Amino acid sequence: MTEFLDIEGGRIAYDVTGSGPLVVLSHGIGDRRQAYRFLAPKLAQAGYRVVSADLRGHGESSMGWKSVTGTGAITRTEINPFTKTQKLSLGGLVRIRRYRRGISLLAGTQVLRSLGLWLRYLDVAYPTKPADYADYTAALAAKLREPGRMAEFMKTAKSTPADAGAQLPNVRCPALIIMGTLDPDFADPRAEGDAIVAAMPSELGTIAMVGGAGHYPHAQSPDQVAALVIPFLKEHAGA
């Protein structure tokens, strides 16, 4: 059941499942909190109270925010994050087809404000599809066709990960970085994860790779992601 939190500037939609220590799941741009429809129940079954929230302007959260981003950095677990300022890999564009397609479709989505190109990007970002992929993307497309929703999504193009990147040296709790080996957003997903960990204080960051996964391993490979996240949460309870 959808619940709402009123904060300065608008309203955030979320739902809650399970009981126990709190885990908050925050989806990526152009998506909805239902991106965690497979992972959230697994975390709840493991003994956690799981809150899945819609980003500002996304899903059922309100529109009209002055800013759709925050300035925080990693708190516990990040899945394929844009946590550092990105530099285009010219060599990667030449050599790696998934990267070339992913970057081209992301750029086209932003320049042309195109829902169609965003859906084509998602096809690349999911190298293999969940069983409900067609229904899920159809529901997502319907949401983004609502008046004003695509414009809210496009606000994210004005954001930069520089603020989050600058905070990486200030991380004070253990952090797990999960990357899909076939993420089309990065020419070398492993190197991206390693760079995030290297920017943190020594021994706080850990990287884990999900083989064959793209940009959404939590939806594409939820069993593998749960097998990484749950032991991490239990090991660092109270940290």
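The values are calculated or read from the model by the stated rules, or taken from the named source; none is laboratory data. The model shown is predicted, which means the values in this text are computed figures rather than measured ones. Cβ: placed from backbone, ideal geometry, glycine included. Neighbour counts: every protein chain shown. Only protein heavy atoms, including side chains, enter the accessible area calculation; ligands, DNA and RNA are left aside. Shrake-Rupley method; radii C 1.70, N 1.55, O 1.52, S 1.80 Å.
Before moving on, here are some points about what is shown:
- Residue satisfying condition, being among the charged types (D, E, K, R) and surrounded by 23 or more Cβ atoms within 10 Å (Cβ to Cβ), within set 223, 185, 194: 185
- Residues of region 167-215 satisfying the condition of being among the β-branched types (Val, Ile, Thr) and outside any loop (DSSP other than H, G, I, E, B): 177, 178, 196, 197, 206, 207, 210
- Residue within region 112-124 that is open to solvent by 70 Å² or more (accessible area, probe 1.4 Å), farther than 16 Å from residue 219 by Cβ and not in a helix (DSSP H, G or I) present: yes
- Any hit, region 129-140, residues being in a loop (DSSP other than H, G, I, E, B), among the polar types (S, T, N, Q) and either crowded, with 17+ Cβ neighbours inside 10 Å or modelled with pLDDT of 95 or more (or both): no
- Within region 28-56, the set of residues being touching a strand residue (DSSP E or B) at 6+ places or on another chain (Cβ under 8 Å) and part of a loop (DSSP other than H, G, I, E, B) comprises 48, 54, 55, 56.
- Check on residue 98, free of Cβ contacts under 8 Å to residues at least 60 places away in the same chain, open to solvent by less than 70 Å² (accessible area, probe 1.4 Å) and of a type in the set (Lys, Arg): no
- Subset of region 3-28 (residues that are out of contact with any Lys or Arg (no Cβ under 9 Å at 6 or more places or on another chain) and closer than 28 Å to residue 123 by Cβ): 28
- Single residue of region 12-63 satisfying the filter (more than 30 Å from residue 109 (Cβ to Cβ) and among the hydroxyl-bearing types (Ser, Thr, Tyr)) that is most open to solvent (accessible area, probe 1.4 Å): 19
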